[in-house]
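Derivation of every value follows stated rules applied to the coordinates shown; laboratory data play no part. Remember, it's a predicted structure, so these values are computed and weren't measured experimentally. As a convention, Cβ positions derive from the backbone with ideal geometry for all residues, glycine included, and neighbour counts pool all protein chains shown.
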Amino acid sequence: MSWLNGKRILVVEDEALIAVMVEDMLTDMGSSVVGPAATIEAALKLAATEMLDAAVLDVNVRGERIDPVADALLARGVPMLFATGYGEVKLANGHRATVIDKPYTQDKLARGLASAMGMAFQRSTG
């Protein structure tokens, strides 16, 4: 997807198999993956130090909510996409975000990122 070419996407996911799947999907769409981070602590470091165009965040990371990472990204103006098996997401600060349900496909991931980034979804024709 040309609109994702070169975009730096932070991935926070504690399930190794899902993290690899998301990394593969994003790479296939032309993005550069930052991470993936499997802990809140690692995600916070990346959120504070890396240049990011967007983030794909698991809502529950090793039993901890993603809120501190989301707050750090929100403060930097980084668009976020939340991936969860729990339905609607409302962060502790009341901020609502774009959500996709697990398990998801590359198409759902692309649509979710487009929505989070305020872009019209463009399906690849090539």
Worksheet, complete the sentence: By the C-alpha gyration tensor axes a ≥ b ≥ c (rounded if a/c is under 1.5, else prolate when a/b exceeds b/c, else oblate), the shape of the range 2-116 is rounded
Worksheet item: Placing +1 at every Lys and Arg Cβ and -1 at every Asp and Glu Cβ, with all other atoms neutral, what dipole size does the range 2-116 have around its Cα centre, in debye to the nearest 20?
Response: 340 debye
Discussion item. Suppose we keep just the DSSP beta bridges with both residues in the range 2-116; what percent of those would be antiparallel, to 5?
Written reply: 15 percent
